[in-house]
Amino acid sequence: MKRTKYVIANWKMNGQKDSYKLVKSISNYHKKMKRKTSKVVICPPFTLLSEFIKKEKNIKFGGQDCHHKSEGAYTGSISAKMLKSINCQYVILGHSERRIYQKETSQELNLKIQSAINNNLKVIYCIGEKLEEIKKRSIILKKQLSSLPKKIEPKKVIIAYEPVWAIGTGKVPSLNDINKIHKKIRNILSNLVSPDFSRHVSILYGGSVNAKNSADILNLNQVDGALVGGASLKSKEFCKIIDSYH
Ligand code: 13P
């Protein structure tokens, strides 16, 4: 079984009511591509998700977070069940910006992952070390990966390795390092979950991916795609990234 490749856009807190034109131009480009090498998923803010899902059938969509409970007195939160009810198919969980600003813990993330999976959402689970943690990267990644349920099928989750120091900074680890770290993640997953899971799960790279560096990164043998922030808000740039596979 070949691993599925993805190019995923994380719009973060960006996107207004006229942003559908960005989705449309990406979708048109993707439709015209002769060789569709990867699945394209766009994760806009919650305010736009339902509209995009109704209007655009060629692209898949995801939320940027979900609560671990299905409903209740949790002001401001959105549940996995709610996302599923609007036919959303993916959800980003554990993004470093939420781990940092919302103080999301491993325990909470474990509950969110389980809730997302129970509601048939595919989880894009983000992990990555901060600059001051580089020397203990393996320990950090292992701790973050241990939020995954022990029994989980590779098709239920996508791992996104996003070094915090590479997000929005223009700094990217060397190609050799990216490949080595992805391999390390697979080794950790082999022990934490199973060898079969680690062989088949897609592992994406994220952090300052742009149209210039995407071909080099996406064609590494341990990399199964990219999670793109800033560059996903520019149509031409994002389309070039989608088209990066040799
Ligand atoms: P940038 O591509 O802007 O560095 O953001 C990466 C990211 O955080 C995607 O989730």
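Which of the helices in the chain meet the span-like rule: DSSP H, Cα axial reach of 20 Å or more, Kyte-Doolittle mean at least -0.5?
Values: long enough: 175-192 (25 Å, -0.46).
Membrane-span-like by this rule: 175-192.
Helix-derived [θ] at 222 nm for the chain: sum -39500 (n - 2.57) over DSSP H runs of at least 4, divide by residue count, nearest 500? After summing the helix terms and dividing by the residues of the chain, the value is -11000 deg cm²/dmol.
Listed here are the pairs Lys136/Lys184; Lys17/Lys55; Lys54/Lys81; Lys12/Lys60; Lys34/Lys183; which of them are more than 20 Å apart at the Cα? Walk me through the numbers on the way to the answer.
Numbers: Lys136/Lys184 13 Å; Lys17/Lys55 13 Å; Lys54/Lys81 17 Å; Lys12/Lys60 16 Å; Lys34/Lys183 31 Å.
Listed pairs above 20 Å: Lys34/Lys183.
Annotation: aspartates and glutamates with alpha-carbon distance below 12 angstrom to Lys143 (same-chain offsets under eight excluded): Glu129. Peptides 49-59, 206-216 ranked from most to least packed by the mean count of surrounding Cβ atoms within 10 Å: 206-216, 49-59.
Each reported figure results from applying straightforward, stated rules to the coordinates on display, with no laboratory input. Just so it is clear, the structure is predicted and the values come from calculations on it, not from any experiment. We place every Cβ from the backbone using ideal geometry, glycine too, and count neighbours over all the protein chains shown.
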